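A.B. asks: Got a structure for you, written out below as structure tokens; questions coming shortly.
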Amino acid sequence: MIEVRRVSVTYPGGVRALVEVDAAFSPGEFVVIVGLSGAGKSTLLRTLNGLVRPSAGDVLLFGESVVQASPARLRALRRDVGMIFQTFHLVRRATVLHNVLAGRVGHTPPWRTLFGLWSRRDVEVAWSCLERVGLADKAYVRADRLSGGQQQRVGIARALAQEPKVLLADEPVASLDPRTARDIMQDLKRIQQDEGILTIVNLHSIELAQEFADRIIGLRDGRIVFDGPARDVTVETLAEIYGEERLGGAPGWLRPRPSAATDSHSAGSSAGEISGRTAETERGPVRR
Ligand SMILES: Nc1ncnc2c1ncn2[C@@H]1O[C@H](COP(=O)(O)OP(=O)(O)O)[C@@H](O)[C@H]1O
Ligand SMILES: [Mg+2]
């Protein structure tokens, strides 16, 4: 459905954000891309729908080259790609319903959206998307009156209103408290399972990634260092993604789940190594 072929991205100024990345994404997958800040996660997600142009290589979106597509063709391709953002990107003073209707712009002639002349079908789709995220009762509330979690649900409903084939979410829960973050991940997972939409999510939390992903892609310095089932992530994988040197003082969320390790002895000692908090509270002082 999406194919990334030896894609490199070098930004003006010379930063190599992606280096010869290869990956393929199939319908119905729930993929989480993890990595440190600056690893290239956002760049990778943005190359998938042509928002960032590869310096080398190509991306095939629904079988078509994003590099060769005309601007008009690219707009048409993007209609099938829903985006969800860390900071929601809502029109704060507009109602929830209007924010969700904005997801319909690709399906409606511009002059109609300009005057707010949404078709009956547009309005029906918007309402059903609000129902899918449990916010139908907030349709006429101003977006900025909602909690962060509710605002992100509006962001999800807007993306769904596009009736997309793919959902791309760039750090969708990074601005939310941990509990709300899990709820939003659960919403995304449920929607992906109910509707089989290919869903690709950037996260920095490996814990959430392991809980929700079918497949995890680990990025480090613009290169893929892991691509496989979430259950195959080991302590060694984490060291590759996050770097051994950083794991020494890493926060608790870097601790792999017990199931991720095969050898209990090495898992025990390594887990102590990478989780500063565990080492301090359960194993005595940690080396600095
Ligand atoms: N528009 C840009 N211009 C120049 N450098 C950029 C731009 N966007 C990102 N970068 C750089 O590219 C690298 C990867 O960034 P990014 O894809 O945002 O990583 P992540 O999302 O994993 O934090 C970083 O070094 C970042 O500073
Ligand atoms: Mg990013």
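The values are calculated or read from the model by the stated rules, or taken from the named source; none is laboratory data. On a predicted model such as this, the values are computed, not experimentally measured, just so you know. Reconstructed Cβ throughout: ideal geometry from the backbone, glycine too, with neighbour counts over all protein chains shown.
A.B. asks: Just to confirm my filter: which helices (runs of 4 or more DSSP H) fall fully inside the range 118-202 and include at least 2 residues that are in contact with a His (Cβ under 9 Å, 6 or more places away or on another chain) and under 18 Å from Gly82 (Cβ atoms)?
C.D. replies: In the range 118-202, 120-132, 148-161 are the helices (runs of 4 or more DSSP H) which contain 2 or more residues that are in contact with a His (Cβ under 9 Å, 6 or more places away or on another chain) and under 18 Å from Gly82 (Cβ atoms).
A.B. asks: Look at the range 62-101 and say how many of its residues are closer than 24 Å to Ile156 by Cα and either in a loop (DSSP other than H, G, I, E, B) or of a type in the set (D, E, K, R) (or both).
C.D. replies: Selection size over the range 62-101: 15.
A.B. asks: Here's another thing I want to ask about it. Which residues, counting only those in the range 184-206, are surrounded by 17 or more Cβ atoms within 10 Å (Cβ to Cβ) and away from ligand 2 (no atom under 16 Å from the Cβ)?
C.D. replies: Ile184, Met185, Asp187, Leu188, Lys189, Ile191, Gln192, Ile197, Leu198, Thr199, listed by residue number.
A.B. asks: What residue, among those in the range 23-56 that are away from ligand 2 (no atom under 16 Å from the Cβ) and assigned to a loop (DSSP other than H, G, I, E, B), is farthest from Lys165 (Cα to Cα)?
C.D. replies: Looking at residues that are away from ligand 2 (no atom under 16 Å from the Cβ) and assigned to a loop (DSSP other than H, G, I, E, B), I get Ser55.
A.B. asks: If the requirement is being surrounded by fewer than 14 Cβ atoms within 10 Å (Cβ to Cβ) and outside the structural domain of Val100 (by TED's automatic domain parsing), which of these qualifies: Pro27, Pro54?
C.D. replies: Answer to the selection: Pro27.
A.B. asks: Continuing with this model, one more query. State whether one or more residues within the range 75-93 are within 25 Å of Leu208 (Cβ to Cβ) and over 16 Å from the mean Cα position of the chain (by Cα).
C.D. replies: Yes.
A.B. asks: From Val59, Val9, Val19, which residue is assigned to a strand (DSSP E or B), buried (at least 20 other Cβ atoms within 10 Å of the Cβ) and more than 16 Å from ligand 2 (Cβ to nearest atom)?
C.D. replies: Exactly one residue qualifies, and that residue is Val59.
A.B. asks: State all residues of the range 39-74 that are out of contact with any Pro (no Cβ under 9 Å at 6 or more places or on another chain), away from ligand 1 (no atom under 16 Å from the Cβ) and among the aliphatic types (A, V, I, L, M); if no residue qualifies, say none.
C.D. replies: Leu60, Leu61, Ala69, Ala72, Leu74
A.B. asks: Scanning the range 21-38 for residues that are farther than 16 Å from Ala174 by Cα and among the hydrophobic types (A, V, I, L, M, F, W, C), which turns out nearest to ligand 1 (Cβ to nearest atom)?
C.D. replies: Among residues in the range 21-38 that are farther than 16 Å from Ala174 by Cα and among the hydrophobic types (A, V, I, L, M, F, W, C), the one nearest to ligand 1 (Cβ to nearest atom) is Val21.
A.B. asks: Got at least one residue in the range 95-105 being farther than 24 Å from Ile197 by Cβ and in the same structural domain as Ile156 (by TED's automatic domain parsing)?
C.D. replies: yes
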